[in-house]
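Step one of this worksheet: look at the structure below.
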Amino acid sequence: YFGTSILTGSDSFQEVVVRIERPTYNKPFLGGFRNVSTGVEFHNAGSQTKPKKQPDKGIQLFCKETQTVVERNKLQQTRNTTSTQMTKIGLYVSNVTDKLLSPGKYFTAEEYHKRRLEAVIVLQKYFRRWHAINLVQNLKEQRRLRLAWEAQEELREKREKEEKLWREYERKLNPKTKEDFELLYHDLELWMQEETERINRTLTGAERKAALCALLEEETQLIACIGMHKLDANVENQQKAILHLLGKCAQPRKWKAFDGKVTEMNTQNSLRGKELLEIYHSLSTKDIPKDERISVLLTLRGTVKEHECKLTQEIVALIDREVDLMSRDVKECNLEGLRKRICTLFVQYIKIPEFNPGVAGFLKVPQDPLKLYKNVYFCHSCESYLPSTEFPIPANSRTIGRCRSCYQLDNEARQREAYLKYRLMLENLRKSEVDYQDDSKIVFLVQLPDLQYLIENIWNCQSALSACSDLYDLVMVRWDKHYEWSPWNTILLTKEEADAHLKLCNLQKTYEAPFISRIEQKHIRAKNYFDQIPAMSSFLHRSNNQANANSYK
């Protein structure tokens, strides 16, 4: 606000208060003038006055530009001026090269669209025919590939079964391990049952008793033959174990660098192990020349003379005896016992950490006597004190029973069952659970007798889908792959069925209700059996709570 005086009459002025409003928009410039002498600019009154707002008539108005079409006229002229000359009086134009044009048949828009539709239908027919031919060819190719794959899979399965049978035959023909002898005794028991049943069915009276006696004598001979094979296998396995132990002692230290390269370092212990390994190899080699044998014995004598004890003195005495006998040209067959004794004493020498420091970490018996009192139990069958690892303790066991050797001896004498199939199944199950990497624990609590009970009594040794009873082809997998394996979350299937089962996302939509009910009944039986085990009860209650939460959701 500011005040100013205006002329109201010839000689009178009036004070007027002028209010200045700052415009909220940029007013257009409507002209004005500038004083040349002072340089002051004066604008027209219209540029200083706020425009009068027009009253709202309630009608939506548009500007002229949106209502008017912008038009533009442009003249076009051909580049060359042409003309047509016609025949007239005084002028003749030849019509030899002229063409007679006549109008064709007129068709309406409806006829035009009809022709277009017929053309489109023809194109569709040809396209569909081409598409059908390609689809059939693709289906034929897929069928051919499928049949070829099925034939290849059938050949592969047949080859695997033949290889498996050949491996079993080879294992029975040349048994080396405990599992091989289990298979032998199992086959012997099956043969005895078949022969006994045949004798009881066909013979009676004295003939039956005589046949049973002959069968018993034959069984005794077979058991003796198996025992001879077992002695030979024990000798060979003992030799392999000694070489394996010496190989461990002779291995250098290894570690992987940041670039992935493996670095090896030989220590004093590994060099000492290599030296003893070479001496043992030379000492246990048969049919070598006399000079080389004497050189090996002198090397062994110098090695053991580094430590003075009763064992080394005995080895040196035996070496001197063998050298003396070889100088007298004694036959090698008469020296075989002496050489075995030298090898046995040298193995004892190798297993002493004072003479071979690298062997200290591989001995089963600890050097500290106080450690023997920990985790040592008494076997009431063989009356021996053994570590806890020598006792197969089932999950439902509450006391320490017999050791593994007593169980094996009792099985060979009475039941003669082969646990190889169950052992392989348990190993495959544990490997598959480790691959999930979800901290599975229950599968490592389940022992071999528990898995055998689960397969034989609950799943009846057959697949839940195809009823296949070949245990070599059966595997145990998770029923619901989102939760860890347990006896109440498992299913017994073949390998192909297991691969297809683990790819399923929704079990309720894939399997029928009666099948799911039958599987759940087996899970309830497994829960009732494993609920008696204290180690399993906590996992069982946790799974029940989880199932209740899922059903509530």
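The values are calculated or read from the model by the stated rules, or taken from the named source; none is laboratory data. If you're wondering where the values come from, they're calculated on a predicted model, not measured in any experiment. So basically every Cβ, Gly included, is an ideal-geometry build from the backbone, and we count neighbours across all protein chains shown. Quick note on the areas: whole protein, heavy atoms, side chains included, nothing else; ligands and nucleic acids left out. Shrake-Rupley method; radii C 1.70, N 1.55, O 1.52, S 1.80 Å.
A few comments on the model shown:
- Stretching Gln85 away from Ser405 to a fully extended chain increases their span by 102.4 nm, per 0.36 nm per residue minus the current alpha-carbon distance.
- Overall, the accessible surface of the chain at a probe of 1.4 angstrom is composed of carbon and sulfur to the extent of 54 percent.
- For the chain, the solvent-accessible area works out to 76 Å² per residue, with a probe of 1.4 Å and every protein chain left in place.
- Between 0 and 90 degrees, the angle of helix 290-304 with respect to the longest Cα principal axis of the chain falls at about 80 degrees.
- Label sites at Arg321 and Lys495, each approximated as a point 7 angstrom past Cα along Cα to Cβ, lie 5.5 nm apart.
- For the range 366-521: relative contact order, % (alpha-carbon pairs under 8 angstrom, 6 or more apart): 14
- Ser5-Phe42 FRET efficiency (beta carbon distance; Förster radius 25 Å; 0.05 resolution): 0.80
- Helix 178-202 and the longest principal axis of the Cα set of the chain meet at an angle near 70°.
- Residue separation of Cys382 and Glu207 scaled by 0.36 nm, minus their Cα-Cα distance, works out to 59.0 nm of gained length.
- Lysines whose Cα lies under 22 Å from that of Lys261, excluding same-chain neighbours fewer than 8 positions away: Lys248
- Where Rh is the Kirkwood radius over Cα pairs, Rg/Rh for the chain: 1.39
- Restricting the range 195-290 to chymotrypsin sites (Phe, Trp or Tyr not before Pro) in coil, as DSSP defines it, with at most 16 other Cβ within 10 Å: Phe258
- Computed label-point distance, nm, for sites Arg301 and Leu139 using a 7 Å Cα→Cβ extension: 9.0
- In sequence order, the range 438-453 has phi-based couplings of 10, 6, 6, 10, 5, 5, 8, 7, 6, 9, 4, x, 5, 5, 5, 4 Hz under the Karplus curve 6.51 cos²θ - 1.76 cosθ + 1.60, θ = phi - 60°, and Gly or Pro positions carry x.
- Where Rh is the Kirkwood radius over Cα pairs, Rg/Rh for the range 264-371: 1.02
- Sites counted here are GluC sites (Glu not before Pro) in a DSSP loop (not H, G, I, E or B) having no more than 14 other Cβ atoms within 10 Å; the longest part of the chain that contains none of them is 72-305.
- The mean sequence distance of close C-alpha pairs (under 8 Å, at least 6 residues apart), as a share of the length of the chain, puts its relative contact order at 7 percent.
- Ignoring lysines fewer than eight residues from Lys374 along the same chain, the ones with Cα atoms less than 16 angstrom from its Cα are Lys364.
- A Förster radius of 51 Å, combined with the Cβ-Cβ distance separating Ala224 from Phe258, puts the computed FRET efficiency at roughly 0.25.
- Amide H contacts of Gly32 (H built 1.01 Å from N, in plane; Pro and chain starts excluded): Asn44 sit under 5 Å, all sequence-distant by 5 or more or on other chains.
- In this structure the amide hydrogen of Ile491, modeled in the peptide plane, comes within under 5 Å of the amide hydrogens of Val477, Trp479, none closer than 5 places in sequence on its chain.
- Within a straight-line Cα-Cα reach of under 23 Å, Lys172 can be paired with the following lysines, leaving aside sequence neighbours fewer than 8 residues apart in one chain: Lys158, Lys161, Lys164, Lys230, Lys240, Lys421.
- Equivalent ellipsoid, the range 146-206 (semi-axes from 5 times Cα gyration tensor eigenvalues, Å): 36, 20, 7
- Pairs from the table (Lys176/Lys254; Lys176/Lys331; Lys481/Lys527) lying more than 22 angstrom apart at Cα are Lys176/Lys254; Lys176/Lys331.
- Estimated at 0.36 nm per residue, the fully extended path between Val93 and Arg414 surpasses their Cα-Cα distance by 102.5 nm.
- In this simple spin-label approximation, Ile121 and Gln152 carry label points 7 Å from Cα along the Cα→Cβ vector, and these lie 4.8 nm apart.
- Of the trypsin sites (Lys or Arg not before Pro) found in the range 247-285, those in coil by DSSP whose Cβ has at most 10 other Cβ atoms within 10 Å are Lys261.
- Here the sum of -39500 (n - 2.57) over DSSP H runs of 4 or more residues, divided by the residues of the chain, equals -17500 deg cm²/dmol at 222 nm, to the nearest 500.
- Charge tally for Thr267 (other residues, Cβ to Cβ under 14 Å; Lys, Arg +1; Asp, Glu -1): +3.
- Sites matching trypsin sites (Lys or Arg not before Pro) across the range 291-352 that sit in DSSP coil, with at most 13 neighbouring C-beta atoms within 10 Å: Lys305, Arg328, Lys331
- C-alpha long axis of helix 336-350 to longest principal axis of the chain, angle in °: 50
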